[in-house]
Structure formats: structure tokens, C-alpha cells
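Here's the structure we're looking at; comments come further down.
The values are calculated or read from the model by the stated rules, or taken from the named source; none is laboratory data. Source: prediction; values computed, not measured. Note: ideal-geometry Cβ built from the backbone for every residue, glycine included; neighbour counts use all protein chains shown. Note: areas computed on protein heavy atoms with side chains; ligands, DNA, RNA excluded. Shrake-Rupley method; radii C 1.70, N 1.55, O 1.52, S 1.80 Å.
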Amino acid sequence: MISVRNRLPLSSGNKWLLFLWITLLVAACSPKLQPVAPPVKPTETEKPVVKTEPKPVKPLPPKPVVISLLLPFGLDHLNPGASYTDVSLKQANIALDYYQGFKLALDSLTASGYNYKLLVHDTKGSVAQAHALAYNPQIQASDLIVGPVFPDDLKAFTSVLVSARKPVVSPLSPASPSTFNNQNLVTVIPPLAYHARATAKYINNRIKPQRVFILRSGYSEDNEYITPFKNTIDSLSKGHIQVVQLTVVRGNLAALSSQFSTDSNNIFLMPSTNQAFLMVTMRSLDSLAKKYPVMLFGHPSWAKFNFLHADILQRLKTHITSADQVDYKAATTLDFLRTYRKAYHAEASEYAIKGFDEGLYFGKLLAADHGEIKNLDQKDFIGLHNDFHFIKKSGQGYINTHVNMMDYSYFELRKVE
């Protein structure tokens with residue numbers, strides 16, 4: 001039997017070498033770990049300082065100027081069961097045209113940087129309504145009040161505001177401001193007395209006759225023209241121009257025939273607006289003009305009378321004053337008419353033109369004087385329908401006195417240069 005030789009157990013020294021060898025083997029096979037470096041903070045690059053310009057502060061719009069318009073629209077006639085009469089419809093058309101012209105003026109000023117607040121009130125063509133509106137706090141607080149239009153309405157309205165220092169514009173009436181007795185009134189349409197004074201001034205300065213014949217109709221209304229005319233011509237001529245008055249009956253001028261001149265113009269003044277009187281007396285003057293040179297001066301309302309014949313007026317060298325003469329060939333007028341037509345799809349009436357002129361004039365003054373109306377007698381204005389030259393009278397406010405002298409030539413009324 002073969003016996004297997006047993007291996008000798010390892011000595012303690014050999015165990016130590018084995019342990020060392022195993023340790024080295026494990027260390028050689030384990031992954032090599034690199035030491036982790038501490039994180040490095042990125043260096044901050046210095047940013048350039050950007051200087052920002054401060055944003056411009058938008059200026060606040062100017063405080064709006066408040067204007068109250070008091071016009072006879074008569075809107076109650078639009079109620080169910082109601083309707084306009086011929087008179088109320090005419091008043092409403094005047095009110096609408098004037099409002100549109102006035103607003104167009106304010107719109108054009110607003111485009112230039114001005115600021116307005118327009119309040120519109122309906123007077124209904126009623127004295128009672130006009131009187132009631134005078135107590136409206138909105139109207140009383142306005143910077144400017146325009147209207148009422150008609151004299152009776154205006155008188156009822158201003159009687160409440162006698163002590164208030166609010167300017168009240170009479171926009172369309174030539175009624176004498178003495179009937180209202182309000183120092184804050186602004187009368188835009190020249191009263192009849194200023195037409196008479198302008199005629200007297202023209203006769204004295206341009207014609208210098210020896211005498212003037214006044215042909216009276218016999219109605220007291222003639223005195224509204226005759227009195228200021230005579231006072232003015234007496235004052236200007238210092239009594240050198242004789243004023244001869246005659247009440248004419250059925251066109252009979254025989255009582256004056258001995259005083260007529262054959263070599264210089266015989267100056268006649270007829271302040272009447274009575275149709276029958278005018279037609280009869282003008283025929284007599286037309287016959288007289290075949291023997292004597294004649295020059296006739298008349299009432300400003302004649303411009304609107306269709307019954308007066310242009311050929312007779314021209315033969316009599318007729319002159320009248322006017323505050324409503326529009327030059328429809330002027331560039332400014334044509335520009336306004338185009339703008340109005342574009343805005344409202346309608347043609348501008350004389351009331352629209354007046355509304356535009358007055359809106360432009362007072363709108364500019366209010367903006368320039370911070371919502372105040374003052375010193376109008378120092379601020380003239382050239383308008384489309386008339387110029388403004390105001391005077392101030394105690395107890396009557398400001399009155400526009402500018403009128404144009406017109407004569408009939410080439411069968412139409414033309415401004416005398």
C-alpha cells in the first residue's frame with residue numbers, strides 16, 4: 001500500500017507573507033481614487049456700468065376750459081306725439097348750425113394742444129327755460145357762457161346772474177346791450193346804433209356834403225337809427241352838415257325839391273324796413289335821379305330783402321352797412337367750407353360761420369388767459385363773416401362795433417374799399 005505524504009503546515013512566518021501578498025493583490029486590483037480638489041469659484045468679470053437716461057415725464061394736459069352753450073334745440077319736440085312747428089324747426093336749425101361751427105373751431109384748437117370741455121344746454125326757445133338754466137350750478141361754474149340766443153331769453157337769463165362775474169356772450173342778436181343792464185355781457189353782433197354811427201362817419205369823412213335828407217316812414221322804429229346817426233354827424237361835422245328830415249307820404253318829395261343840388265350828390269338816408277314804404281319811395285327817388293345826382297344810404301337789413309331791385313339800388317348809388325359779409329373767394333373761407341363739409345356732410349350756413357368765428361376767438365382767449373375773458377377792447381380779430389373790434393361801456397359790457405360799408409355795383413353788394 002502506498003501511503004500519501006502529508007504536507008507540513010505553514011509556519012507563522014509563512015502566514016504573514018501570505019497575508020502581505022493578499023493585501024498587495026487587493027490593493028493592486030482596487031480602483032485608483034483621485035483626490036477631489038475643492039471647487040474653484042469662477043472669477044466674476046466686472047460688468048460695465050450702463051447709464052440709463054431718465055424717462056421723460058409726460059406733462060399733464062392743461063386743465064380744461066369749460067364752456068356752456070345755451071341754444072334753442074327744442075328737443076322736447078322729438079318726444080312721442082310732439083312735432084316741430086315752422087318757427088321751432090327754424091330755431092333748431094340755427095342752433096344746430098351754430099353748435100357745429102363752434103365745435104369745429106374748438107376741435108381745431110384742441111389739435112394745437114388746448115383743452116376744452118363743452119357743455120350744451122337746450123333753452124327750448126322758452127323764456128321760462130332760459131330763466132331756470134341760470135340757476136344750473138354747472139352753467140354758473142363755467143369759464144364762459146354762450147347764449148341764450150334770443151333777446152327775451154337772454155334778458156331772463158342775465159337777470160339772475162347780475163352779481164355773478166361770469167362773461168355771457170350774446171352770439172347772434174344785435175339787440176342793444178342797454179336793455180340787459182349786465183356788465184358781464186359780450187355783444188358780438190354790432191347793434192343798430194353802431195351801424196348808424198358808421199354811416200354818419202363815412203358821410204362826414206368821405207363825402208362831406210352840405211346837407212343830408214332823412215326820409216322817414218312815420219313809424220317810431222326809424223328813431224332807433226335816426227337818433228344815433230344825427231348825434232354822430234352833428235358831433236363830427238360840428239354842425240356844418242345840415243340834417244333835413246321829412247316824413248314821406250306816398251313817395252311825395254316835392255317839399256324838398258328847392259334844396260336839391262344839380263352839381264353834387266344829394267345824400268338821402270332811409271332807415272325804414274317797411275316794404276310798402278320802401279318800394280314807393282324808391283320809385284320816387286329813381287325818378288328824381290334822372291334830374292339830380294342821388295346817393296342813398298339804407299338800413300343794414302336791406303341786404304336780405306328780396307323785394308328790392310338791384311338795378312334801382314345801383315342807379316341810386318345805394319350804400320348800406322353790414323356785419324355779415326363773407327368773402328366766399330378767400331382761401332380761408334374755402335378751407336373752412338371744405339373742413340365743415342367733410343366733418344358734417346353738409347354746407348355751412350351763415351350761423352355755422354358765425355359759430356366758427358366766435359368759437360375760434362373766445363377759445364383762443366380763454367386758453368391764453370387761463371380761462372378768463374378780459375381786455376377784449378385790446379384784442380381785435382379778423383373773422384370769416386366779420387371782424388371784432390370791442391369797446392367797453394359801463395353797465396353794458398363789451399360791444400363789437402365793427403361794420404363794413406357796402407355799395408351796389410355790378411348788380412351786387414360789394415365792400416367799399
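Structure values in brief
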quantity: Shape of segment 83-181, Cα gyration tensor, a/c cut at 1.5; calculated: oblate
quantity: Solvent-accessible surface (1.4 angstrom probe) belonging to K304, in square angstrom, nearest 10; calculated: 130 Å²
quantity: Å² of accessible area per residue within segment 119-200, as computed with a 1.4 Å probe and no ligands counted; calculated: 37 Å²
quantity: Accessible area in the full protein assembly, largest first, 1.4 Å probe, for I399, I382; calculated: I382, I399
quantity: Residue-wise HN-Hα coupling along segment 128-140, computed from phi with Karplus coefficients 6.51, -1.76, 1.60 (Hz; x: Gly, Pro); calculated: 5, 5, 4, 5, 5, 5, 5, 8, 5, x, 4, 5, 4
quantity: Size of charge dipole - segment 335-387 - debye, nearest 20, with Cβ of Lys, Arg +1 and Asp, Glu -1, no other charges; calculated: 280 debye
quantity: Rounded accessible area of L144 (nearest 10 Å², 1.4 Å probe); calculated: 0 Å²
quantity: Solvent-accessible ranking of V243, V248, largest area first, probe 1.4 Å; calculated: V243, V248
quantity: Cubic angstrom per residue, convex hull over Cα atoms of segment 339-417; calculated: 148 Å³
